[in-house]
Amino acid sequence: MKAVYGLYADGSSAQQAVNRLRAAGASDRDITVMTAQPMEDFEFGRMHKATWMWWFACAGGLTGTASGLGLAWLTETSWPLDVGGLPIFAWWPNLIITFELTMLGAILATAITLVITARLGRRSTFYDPAVSDGKILVGVAGPPESAVAGLEAALAAAGAEVRILK
Amino acid sequence: MTHPSHPRINSDLLRPLLQTSWRFYLLVALFGSIVVAALASWMTQMYLGFGISGIRWPVYWGFYVTSFVFWIGISHAGTLISAILRLVNAGWRRPVTRCAEVITVFALMIGAMFPIIHLGRPWLAFWLFPYPSERQIWPNFRSPLVWDFFAINTYLAGSVLFLLLPMIPDFAVVRDKSTGLRRRIYGILALGWRGTTKQWHRLETAMQIMAVAIIPVAVSVHTVVSFDFSMAPVPMWQSTIFGPYFVAGAIFSGIAALLIAMAVLRRFLHLERYLHPVHFENLGKLLLVMALLWGYFVFNERLVVYYGNEPSEMAVFWRTQRESFAPLYWTMVVCNFVVPLVLMGIRWFRTITGCVIASACVVVGMWLERFLIIVPSLGHKYLPYSYGIYRPQPVEIIIAGSTFAAMALLYVLFAKVVPIISIWELKAGEHTPPDLIPPATEEHPLGELHL
């Protein structure tokens, strides 16, 4: 069994379906909701919100800071060149390089975290192109055979045409 | 029932991708031939040498560096404005952001070409990169030109990602709506996007972080470009006001470019339903604010030099105020200050046509501003042996002029392969609580948009 899901025309029906799935024993981790746009007006739109992305961005920024300072220090001391009496390792100009690499590190870390945590580029278990037309997909991936009848009933009760992928 | 506007949004915004008219080929041929002519000119310059340009002692920075600063300034249209509007959650930003972000990426690419064109031997451009060469000679990190390299590349990388990431859900829509080879290509570009709640949260968080990071980077880019000038002992260049003056000018020219691009897209792709007069009016107000800010900076710069009364600075000052460069200077003032003030200050003129006229003037005025910062000062430094005249030659005029065609060509090609208005953001904007949306009118079929 790959998945069982229903397609809903509006957010209220989709919310009902999510609630019924919970009542049927499905946990939030098992429930998949797919929409054509973010739908934070509904409770289901705020599921799976917790993320470490800000921390990873900070870590990327710190890595960039260290790279900027390291690059400037290593290169300037490896070929000490007197420029207008400035110190060989001058803080003021090096702050610019350090700042740019800090931001670059944060930006790249954010993009990488997005790709990994949103599971982009991986083969999906199930999907329905009707989502692009505005339908809201609510379903459960890989349910045990024994639970399918209950899940199907829960999805159908919220007013959807239920589909089962085997 | 499914939201009634979603299929319509899909079909309106995917139409330019799925249908190709003869006008597309005509535009590509027209702009493409101009770009080819510019490439031929550049090849000629490389083959015959830099002597065929007008760049010679003492004016070593002419049209090329003017165009470099101008295009880097134009690049502030997109990512910076889009990031600010995203952070303040301005609802009216939704149809505008992608049009703007594209300008940033292409303008940066074009701008970054000029330091390479400006090199007599462009194949040695890699000497600017911090790579471990055989003799361990590294770029001098105390040089503003190396700061440029880091700042522009950081901004370019950030802007490309800022543009690319929100395109993924739209690639998924194209994937679902197309067939054959197109479906396969967009399927790859969509990276398996399904629109799960987790994916939406991650995307929105990523866009928030990027918006926070990209704003200071954008400000730093044009500040660093201004350092190319203000760190040099040249009359009227060594000024502490150059950083914010350049940033303000960049945002000013960027908004103007965005208004022109939006008007063209609205007209030719029939996007009247999405790009409303209210978008032009709001951006027109921003243009007015920036015109006033620009006027404030110019007044500051001029007044301080005038009171300083330093002979070499006053010589450059009078060259621009009432001598050989005066016609260009006063044209700049009219284009950058008088026209936007009148057209954007009086509500009756703040129409789409008014915005386009004011923006076209600002684009011309800002190019002149860059030229007038560079050439009069370099042609009249401290001692008479360093006085000289700059006469731009055909090769420079062709290359500098063709960049506008290059921008148009890249824009036309982009609009052909990517929805120029973010489909998912537009749909998300329609989920505003109904009591906040006033009834739709014939003029605004989506209802009035909120700030």
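Couple of notes before you dig in:
- Charge context of B:Arg56, other residues only, Cβ under 14 angstrom, K/R +1, D/E -1: 0
- Footprinting exposure proxy ranking of A:Cys58, B:Cys335, fewest other C-beta atoms within 10 angstrom first, gives A:Cys58, B:Cys335.
- Residues of the stretch A:76-109 with amide N under 19 Å of a point placed 7 Å along Cα→Cβ from B:Arg135: A:76-83
- Cα gyration tensor category, rounded, prolate or oblate, for the stretch B:15-105 with a/c compared to 1.5: oblate
- Computed E for B:Gln19/A:Lys166 - FRET, C-beta separation, R0 56 angstrom, nearest 0.05: 0.90
- Sorted by Cβ density within 10 Å, fewest first, the residues B:Met332, B:Met43: B:Met43, B:Met332
- Convex hull of Cα atoms in chain B, direction-averaged projection (nm²): 24.9 nm²
- Average beta-carbon neighbours from other chains, 10 Å sphere, peptide B:134-141: 5
- Cross-link table A:Lys2/B:Lys177; A:Lys135/B:Lys177; B:Lys177/B:Lys427; A:Lys49/A:Lys135, entries beyond 19 Å C-alpha to C-alpha: A:Lys2/B:Lys177; A:Lys49/A:Lys135
- Taking the centroid of alpha carbons for each part, the stretch B:122-136 and the stretch A:6-69 are 46 Å apart.
- Largest to smallest principal axis extent of the C-alpha atoms in the protein assembly as shown, angstrom: 93, 61, 46
- Each Lys or Arg adds one and each Asp or Glu subtracts one; over the other residues with Cβ under 11 Å from the Cβ of B:Phe70, this totals 0.
- Summing Lys and Arg as +1 and Asp and Glu as -1 over all other residues whose Cβ lies under 14 Å from the Cβ of B:Gly158 gives a net charge of -1.
- Average other protein chain Cβ within 10 Å of Cβ, residues A:27-39: 6
- Dipole magnitude for the protein assembly as shown: computed about the Cα centre from +1 point charges on Lys and Arg Cβ and -1 point charges on Asp and Glu Cβ, it is near 1140 debye.
- A crude spin-label estimate for the pair A:Trp54 and A:Trp91, with each label 7 Å from Cα along the Cβ direction, gives 2.9 nm.
- A:Trp54, B:Trp127 arranged by Cβ crowding within 10 Å, fewest neighbours leading: B:Trp127, A:Trp54
- Lacking any other cysteine beta-carbon closer than 4.7 Å, the following Cys residues of chain B have no compatible partner: B:Cys99, B:Cys355.
- Cα-based shape type of the stretch B:146-212, given that a ≥ b ≥ c are square roots of the gyration tensor eigenvalues and the cut on a/c is 1.5: oblate
- Helical mean residue ellipticity (222 nm; -39500 (n - 2.57) per DSSP H run of 4+; nearest 500) of chain B: -22500 deg cm²/dmol
Rule-based calculations on the coordinates, nothing more; no lab input. Note that the structure is predicted; figures quoted are calculated from it, not measured. Virtual Cβ from ideal backbone geometry, glycine too; neighbours counted across all protein chains shown.
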